[in-house]
Protein chains: 2
Amino acid sequence: MHVRSNETRTMEDIKKYMQQVGQQARTASRAMAMADTNAKNRALENIAAAILADSAKLIAENAKDVAKAKIEELDAASIDRLTLTEKTVKSMAEGLLQIAALPDPIGEISDMKYRPSGIQVGKMRVPLGVIGIIYESRPNVTADAAGLCLKSGNAAILRGGSEAIHSNQAIAACVHQGLREAGLPETAVQVVSTTDRAAVGELITMKEYVDVIVPRGGKSLIARISEEAKVPVIKHLDGICHVYIDDEADLEKAIRIADNAKTHRYGVCNAMETLLVHKSVAAQVLPDLCRIYLDKGVELRGDDAARAIIPQMNTATEEDWRTEYLAPILSVRVVSDLDEAIAHINTYSSQHTDSIVTENYTKAMRFLREVDSSSVMVNASTRFADGFEYGLGAEIGISTDKIHARGPVGLEGLTSQKYIVLGNGQVRI
Amino acid sequence: MHVRSNETRTMEDIKKYMQQVGQQARTASRAMAMADTNAKNRALENIAAAILADSAKLIAENAKDVAKAKIEELDAASIDRLTLTEKTVKSMAEGLLQIAALPDPIGEISDMKYRPSGIQVGKMRVPLGVIGIIYESRPNVTADAAGLCLKSGNAAILRGGSEAIHSNQAIAACVHQGLREAGLPETAVQVVSTTDRAAVGELITMKEYVDVIVPRGGKSLIARISEEAKVPVIKHLDGICHVYIDDEADLEKAIRIADNAKTHRYGVCNAMETLLVHKSVAAQVLPDLCRIYLDKGVELRGDDAARAIIPQMNTATEEDWRTEYLAPILSVRVVSDLDEAIAHINTYSSQHTDSIVTENYTKAMRFLREVDSSSVMVNASTRFADGFEYGLGAEIGISTDKIHARGPVGLEGLTSQKYIVLGNGQVRI
């Protein structure tokens, strides 16, 4: 069924279309689960080659999306995320080759142990089945997500933003070519061709065809999807990350880490949004650290104790502790002890990434154990919370959920483990 | 807030009551996550002791439930599941001591690896938080579920069936006594005091207070909960399990396994419901095997090819392939080859447990890889699909989901892993 994106369609049409997409994905997922490592890697290499070969075409299709975005007066940051250049096209292709180079997680057998009954029990890693990915703006997600799902033996249904529809369809053509050339079903990766929102509603409720939904995008998109989904969702919510400078911190490390966590990049989910400082070292560490921030143009918002030390700070409100700025703004709070720091984090953190700077072993261990976030760090910048930095190779997102996958989600997060039992005629007695 | 179960209440009251239960559970979950192994084990031992000491009282409270069930003419099997005896009370206490003897999963650190940046990255096992368990009939689930949640550092909200309310409240009193004596919050295990169905509706949608729902019970209960839940659900659906006797099977093993898988116990989810036999060995193996079944009073329902060999078989319909009998009934189908066997299983199996009997290596490996079920076996009875048999120690259920936990769910299934990063002042460059 071919339906053009600009066609007027009824809800009934969209439902039918999505059901067909779902059925095709389910069928393709069976072939993908059986596909051998070579076929999957060949497909990834073919897709990379097709993307490089079609570079000019991709950029031309992308230009249509960018032109429309400018007419519709999208903000500069969104247009920037949307725009494909020769460099970003090249890095899409490189990303796929990096995924090809990763070990195949599927079929991995682990923990085989003999039991008193004589059976041997362990686990085998298998794909999840069909993964629905809903995302905004960045067209490179189309290639990344297709590559990760493909390598992990899953079928993917990709639903990008309407603002990137031409770019995404052009990338999809490269993906299909690569799959076809490797002898794998083209329907293993389907890019939803309608920009109608009803398609999302259908995708997240087709339990018979979709095993998990991965939303990538703004907080409101993800909140809406979690609210309405009938299919399990691996959520990547906001990143309100903290650095806590303990009274037993090495202050040189503290300044380096707190600087990097805030200013290395502003618009990323693993950037620090709130700095917590122990009251005994606040007067020592804040002047040097804040000079760095102010020199880099970071707006500071502090509590009374922090403002008493750094008069250039604005006043932080309750709202500040709950805000992911994604901007050169930092809230600063002076705390009395580790307990107060942990309590602040467990209250306001989005359970993404939080770091302590301390030389004290017991406090480091307590922080690791007691902070309930997907990544908890000692003496390291929150900016390390990332699939590449963790050695996963690539990530589909960073889960702030506790179920199934927590933290950066790489190939393994897109798989499941089944039990396998090897016997020799054993029966239960 | 104390509300009696027989009180008439408005929806508003129930919502308020459940919200309070949820808040208390969330608060208790923080204390439980920090509780050390000794405190948790002491609580388990105390609860076991309280259950043994209160044995007569538990049986007396249970008698109220049983009397009511008889008046309401519940079927014999349900009354049997509901009834507590001195023996079942003793085994409840023993179950708790077994959980105390298991290693504590919480705080376990694994996979710590140095990355090129100099940071060391790995995982720490942590509790999920608050677990809601919804179950029917068997009051022993109250003790089992409380024990598993407690040991895995979670808070539990237990919602048993209305038919077992007196039994469950009496067991809850023992649980609270045990927690109190160990210095842990009593609210770590709360048994919902109202039998109103609206309480379930509230429990499965309180995302702010509940991290996961584990339903244990009939198919319709679980289907309804999955449909309405806003909280992630670890499902344990029906067990339509298969044994496939290959043409290269050791027929002596085949008969032993197929007999055991069907007749060891009938009313359990890991019993075989459909036997698949390769056409080349059907005439050899079916006569001896079916004589055993018929001697044990098992009704046989076969396809035409099977009935040509065993005339005492009734005719199997399409419906039979989709049915979990939980009774002395078996459907039998003759297949042409391994592909047909796998296709049948992947079409009709409930993805619980399926087993192949074969001496052929390649077919065994293909079956393991291609059958998409939570437990896949070679030359072993499906009856082994069980937490104790697998060495998990105890199980909260058997998940037929792919997300988070698949197969028997023990203590680990009630936990999550967060990333931990140990640095020495590293920053992202």
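A few points about this structure:
- Global form of segment B:241-389, assessed from the alpha-carbon gyration tensor, a/c cut-off 1.5: rounded
- Between the beta carbons of A:SER78 and A:GLN23, assuming R0 = 30 Å, the FRET efficiency works out to 0.30 to the nearest 0.05.
- Segment B:57-117 - Debye-derived log10 I(q)/I(0), Cα point model, q = 0.17 Å⁻¹: -0.73
- Cα-based shape type of segment B:359-409, given that a ≥ b ≥ c are square roots of the gyration tensor eigenvalues and the cut on a/c is 1.5: oblate
- With a Förster radius of 25 Å applied to the beta-carbon distance between B:SER280 and B:ALA327, the computed FRET efficiency rounds to 0.25.
- Average beta carbon contacts from partner chains per residue of A:362-371, 10 Å cutoff: 3
- Inter-label distance, B:GLU412 to A:THR347: 3.8 nm, where each label sits 7 Å from its Cα along the C-beta direction.
- Legend: mean number of C-beta atoms from other chains within 10 angstrom of residue C-beta atoms, peptide A:400-412, equals 4.
- By DSSP, the beta bridges lying fully in the protein assembly as shown are antiparallel in about 25 percent of cases.
- Computed with every protein chain present, the accessible area of B:HIS278 is close to 10 Å² [probe 1.4 Å].
- The value given for segment A:337-429 is a Kirkwood hydrodynamic radius of 15.5 Å, derived from the mean inverse Cα-Cα separation.
- Ignoring lysines fewer than eight residues from B:LYS15 along the same chain, the ones with Cα atoms less than 20 angstrom from its Cα are B:LYS207, B:LYS230.
- Global form of the protein assembly as shown, assessed from the alpha-carbon gyration tensor, a/c cut-off 1.5: oblate
- Put A:ASP111, B:ASP259 in order of accessible area, highest first, and with a 1.4 Å probe you get A:ASP111, B:ASP259.
- Solvent-accessible surface (1.4 Å probe) assigned to B:ARG256 amounts to roughly 90 Å².
- Chain A residue nearest the rotation axis toward B, with distance: A:HIS404, 2 (Cβ to axis, whole Å).
- Divide the volume of the convex hull around the Cα atoms of chain A by the residue count and you get 175 Å³ per residue.
- Pairs of lysines in segment B:253-410 whose Cα atoms sit within less than 22 Å of one another amount to 7, provided the residues are eight or more positions apart or on different chains.
- Residues B:GLU227 and B:GLU299, FRET efficiency given R0 of 25 Å [Cβ-Cβ distance, rounded to 0.05]: 0.15
- Interface A-B: total buried accessible area of about 6000 Å², 1.4 Å probe, protein heavy atoms only.
- Position A:MET365, label points 7 Å along Cα→Cβ, spacing to each other copy in nm (shortest first, one decimal): 4.6
- Helix A:219-228 vs. chain A, principal-axis angle (Cα, 0 to 90°, nearest 10): 50 degrees
- Acute angle (nearest 10 degrees) that the helix B:55-71 long axis makes with the longest principal axis of chain B, alpha-carbon atoms: 60 degrees
- Residue-averaged 222 nm ellipticity for chain A, from DSSP H runs of 4+ at -39500 (n - 2.57), nearest 500: -14000 deg cm²/dmol
- Ranking by accessible area, most exposed first, for A:ILE309, B:ILE14 with a 1.4 Å probe: A:ILE309, B:ILE14
- Qualifying lysines (Cα of each under 27 Å from Cα of B:LYS68; at least 8 residues distant if same chain): B:LYS57, B:LYS87, B:LYS90, B:LYS219
- Cα centroid separation, segment A:216-248 to segment B:196-256 (Å): 28 Å
The values are calculated or read from the model by the stated rules, or taken from the named source; none is laboratory data. Every value quoted in this text rests on a predicted model; they were computed, and no experiment measured them. Note: ideal-geometry Cβ built from the backbone for every residue, glycine included; neighbour counts use all protein chains shown. Heads up: the accessible areas ignore ligands, DNA and RNA and are worked out on the full protein's heavy atoms, side chains in. Shrake-Rupley method; radii C 1.70, N 1.55, O 1.52, S 1.80 Å.
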